[in-house]
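Everything on this sheet refers to the single structure shown next.
The values are calculated or read from the model by the stated rules, or taken from the named source; none is laboratory data. It should be emphasised that the depicted structure is a prediction, and the values quoted were computed from it without experimental measurement. Cβ coordinates were reconstructed from backbone atoms using ideal geometry, including for glycine residues, and neighbour counts include every protein chain displayed. SASA here: full protein model, heavy atoms, side chains in, ligands and nucleic acids out. Shrake-Rupley method; radii C 1.70, N 1.55, O 1.52, S 1.80 Å.
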Amino acid sequence: MLEWIDDALVLGARPHGESGAVAELFARAHGRVAGYVHGGASRRMQPVLQQGNLVRATWKARTGDQLGHYAPVELVEPHAAVLMSDAGALAALASAVALVRAGTADRQAYPALYDALMLLVPALTEREIAPALYTRFEIGLLAAVGYGLDLTRCAVTGAAEGLAFVSPKTGRAASAAAGEPYADKLLRLPPFLTDSDAPIESGDVADAFALAGWFLERRVFDRQGVGMPDARRRLIETWGREGRL
Amino acid sequence: MIELLGKLPGLGPRSARRAALHLLKKREALLEPLAQSLADAAAHVRTCGECGSLDTADPCALCSASSRDDGLICVVAEVGDVWALERAGAFRGRYHVLGGVLSALDGVRPEDLRIAKLVERARRPGVREVILALAATVDGQATAHFVSEHLSAIGVTVSRLSQGVPVGGELELLDDGTLLAALASRRAV
């Protein structure tokens, strides 16, 4: 019998059978794992299995190739209830969850990505820091699935300061001086992605979305034969309407 | 028959077998009237072109009732929600059935829902308020925000059902999420 107990983020749950549900949870040491929840569609369990909630779950299966089941599943942090009244926060949660579901392999641990989600989800209602945390999460997702960008130094001069561009081919940063002649061919690197003290100027979040989106689309989703999740496009539209880009 | 009954929501293979046996035992009292009723429903029940509910007439009885308030539109996800609100008897306006909620998990996109028709109805003269009566789930509320964004340019008042302590509910027995929502939507007395 395989068994683990861990805290996990609810990625989603869909009804199965008369009153059960198949829940997909994301745990630090176990990754994205689906399991049957007996009574998961019941009035008691539905609030627990809302997307974005942190739960403590026990997963059991007789063999590794079985679906397995979760019992018990207990609510630890009811993030969903807090986020529900905020359109921008809910859109960001949906996008982050969609990226994790589409971009990560089943039952493979991504501890750094889990830690990033644990930082991101409770902060989604904080309008000042949510865009920076969210876009850093996307850059982190690229690194977690093996396509990390090198934003530490300029690929041309080796300088660690004044980085302003990223090559769309190599994913390596370039300084403002080295990249300026090729600015129309490079992706803009907003300062807040390399310096956590840098202020976020108008257009910076849109640049960060464009940067991460370029690599997510080509290096992750195109290679898997799936498109960029619609939820991410809706997040950009929502934050655009709210003037947060 | 057992196979078909087993596909109904809430019925598994065992309960489908029991239902089939019961129908066959009560042939005249149950099976034949039920068969006739199912045939009538298949022949006559249709989706209302106005609100998306189900009725034998198009527009449906709720849309054509002159006693109802044209200035209020209550938006729900499914036809069952219209029936629940009508059971409560608390709403006397018009309904609009979206046909589901946005869901990344189930691949339901905005174009799969009747949002364009809702916007068209909300633009009509005399419409004062659109009430979003969608589930207090992440998908339900994401849909409510999406619809509200599309209605914001029209200038109509958009409201949603409040969330909190159910009638007869004791605080000690409520889940943390409901308690948080109840506190967030508290009001002065």
Calculated from backbone phi, Karplus (6.51, -1.76, 1.60) coupling profile of segment B:94-101 in Hz, x at Gly/Pro: 9, 10, 9, 9, 6, x, x, 10
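Send over the per residue convex hull volume for segment A:2-82, Cα only, as a whole number of Å³. Numbers along the way, then the final one.
On the way: hull volume 6.2 nm³, N = 81.
For segment A:2-82, the hull spanned by Cα atoms encloses 76 Å³ per residue.
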In order through segment B:32-46: 3J(HN,Hα) via Karplus (6.51 cos²θ - 1.76 cosθ + 1.60), integer Hz, x for Gly, Pro: 5, x, 5, 4, 5, 5, 5, 5, 4, 4, 4, 7, 10, 6, 9
Accessible area (Å², 1.4 Å probe, nearest 10) - A:GLU77: 90 Å²
Total accessible surface hidden between B and A, rounded to 100 Å², 1.4 Å probe: 2000 Å²
Relative contact order, percent, chain A [alpha-carbon distance under 8 Å, six or more residues apart]: 15 percent
Base-10 log of normalised Debye intensity for segment A:4-151 (one unit scatterer per alpha-carbon) at q = 0.15, 0.18 Å⁻¹: -0.73, -1.03
Alpha-carbon Debye profile of the protein assembly as shown, log10 I(q)/I(0) at 0.08, 0.09, 0.12 Å⁻¹: -0.57, -0.71, -1.13
Heavy-atom surface of segment B:2-44, accessible at 1.4 Å and reported per residue (Å²): 82 Å²
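What percent do you get for the relative contact order of chain B when only Cα pairs under 8 Å and 6+ apart count? Could the numbers behind the result be given before it?
Numbers: 225 pairs, mean separation 24.9, N = 189.
Relative contact order here is 13 percent.
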Threshold 50 Å² - residues in segment B:145-169 whose accessible area is reduced by that much or more when the chain is no longer isolated, probe 1.4 Å: B:HIS145, B:GLU149
Segment B:2-44 - percent of accessible surface contributed by carbon and sulfur, probe 1.4 Å: 61 percent
0 to 90° range, to nearest 10: angle between helix A:87-103 axis and chain A longest Cα axis: 80 degrees
For segment B:66-122, convex hull volume per residue from C-alpha positions, Å³: 83 Å³
Accessible surface of A:ASP150 - all protein chains present, 1.4 Å probe, nearest 10 Å²: 50 Å²
On Cα atoms only, tilt of B:13-25 relative to the major axis of chain B in degrees: 60 degrees
Using alpha-carbon coordinates, inclination of helix A:230-241 to the longest axis of chain A, degrees: 60 degrees
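In whole percent, how big is the carbon plus sulfur part of the accessible area of segment A:148-245, probe 1.4 Å, protein atoms only?
Working: 2560 of 5050 Å².
That share works out to 51 percent.
Determine the per residue accessible area of segment A:2-82 with all protein chains present and a 1.4 angstrom probe, expressed in square angstrom.
Details: 3730 Å² over 81 residues.
On a per-residue basis, segment A:2-82 sits at 46 Å².
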Those residues of segment A:197-245 for which accessible area with every protein chain present is at least 20 Å² below the isolated value (1.4 Å probe): A:ASP230, A:ARG234, A:ARG241
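Quote the Stokes-Einstein diffusion coefficient, in whole µm² s⁻¹, for segment B:69-160, based on the Kirkwood radius over alpha carbon pairs, a temperature of 25 °C and a viscosity of 0.890 mPa s. If you can, show how the numbers build up before the last one.
On the way: Rh = 13.2 Å.
The diffusion coefficient I find is 186 µm²/s.
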Max mean-square fluctuation residue, GNM over chain B, Cα-Cα springs under 10 Å, options B:GLY107, B:GLY155, B:GLY80: B:GLY107
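How big is the charge dipole of segment A:2-82 about its Cα centre, in debye rounded to the nearest 20, if each Lys and Arg gets +1 on its Cβ and each Asp and Glu gets -1 on its Cβ?
On the way: 8 positive and 8 negative charges, 22 e Å.
That gives a dipole near 100 debye.
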Segment A:134-144 - phi-based ³J(HN,Hα) in whole Hz, Karplus 6.51/-1.76/1.60, Gly and Pro as x: 5, 5, 5, 4, 5, 5, x, 4, 4, 5, 5
Choice from B:LEU62, B:LEU179, B:LEU98 showing the highest fluctuation, given a GNM over chain B with Cα pairs closer than 10 Å: B:LEU179
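Total Lys pairs in the protein assembly as shown closer than 30 Å by alpha-carbon, pairs eight or more apart in sequence or interchain only?
For the protein assembly as shown, the number of qualifying lysine pairs is 4.
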Largest to smallest principal axis extent of the C-alpha atoms in segment B:2-44, angstrom: 29, 22, 13
